[in-house]
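So the structure is just underneath, and the comments pick up after that.
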Amino acid sequence: MGLNGPAAVDAIDFEGEGQGPSLFSGAPQSVGFNKLRKRLLRQVRQALQDFQMLKGQKRWLIGLSGGKDSYSLLAILMDLKWRGLLPVELIACNLDQGQPNFPKHVLPDYLGSIGVPHRIEYRDTYSVVKEKVPEGATYCSLCSRLRRGNLYRIAREEGCDALVLGHHREDILETFFMNFFHGGRLAGMPAKLLNDEGDLLVLRPLAYCAEDDLARFAQAMEFPIIPCDLCGSQDGLQRNAMKAMLADIEARMPGRKDAMLRALAHVNPSHLLDTKLFDFAGLDAGGSD
């Protein structure tokens, strides 16, 4: 089955019904928004199926940063659950990392208003990152490690099988090219990952979703976006360079991002140079004595 997704989503009709969980009560009813909503639902359903994300899972912890991607992830998963297409319990979690001027009321107020089970956890990882990272260096790596460790802990405390994150198509491609250009390896960002301890899955159901689509969706839904004042304020990040490169390629050759994503799912080890993945020594023309 291609990236367009299962027929269960194709059968959904939004026309004039205003269907969906409570957070969609004020959503636009335009044809354009309904098409966008259905496309995102279809792509998420496809990722759930392709990577067997629902295999034995009962309860998911949704990492909610307050950005457009994690808000959209929560909304799409709630939409699927409301339609009976996602048989897992959902709990949203925001890790307040102690960034200056972080609006502590925004997420609990919003989540309470739409009736989403949630947990707000405070851990001052901001001070740790500021102390440990040299002036001028990027904070992202250490910040994300500290955040992930806390989210794993919270997932265990909440009895969850999986931590679900809002990384999308561009995140995966940018990570691939960062590893390609700066790490000397072919590696991206997996849609499904088992943590080192082997007790939690990390899932990325937005793997097939375009960042531009998520931005339009978040704007239409009027999510109360919270900017990141820690890493978002830093210039010259390698990821920004990758983002600009991919945007330029897509502008000159539309459709290349989707082609790149498909390439990550169609790997031919015999046409690469990794002797650990393919037995080049075992190749023999068969005619020698």
- The lysines whose Cα lies under 22 Å from the Cα of Lys38, excluding any fewer than 8 residues away in the same chain, are Lys68, Lys81, Lys257
- Cleavage-rule hits (trypsin sites (Lys or Arg not before Pro)) in the stretch 51-123: DSSP loop, at most 13 neighbouring Cβ within 10 angstrom: Lys55, Lys58, Lys104
- Query: Can you pull the semi-axes for the stretch 153-231, root of five times each eigenvalue of the Cα gyration tensor, sorted largest first, whole Å?
  - Reply: 23, 22, 12
- Note on the structure: Cα convex hull volume per residue for the stretch 28-266, in Å³, equals 140
- Task: Go through 161-169, 178-186, 241-249, 149-157 and give me the packing order, highest mean Cβ count within 10 Å leading.
- Result: 161-169, 149-157, 241-249, 178-186
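Since every read-out is calculated from the coordinates, none of them should be taken as a lab result. The structure presented is a predicted model; accordingly, all values stated were derived computationally and were not measured. In this analysis, Cβ positions are derived from the backbone assuming ideal geometry, glycine residues included, and neighbour counts consider all displayed protein chains.
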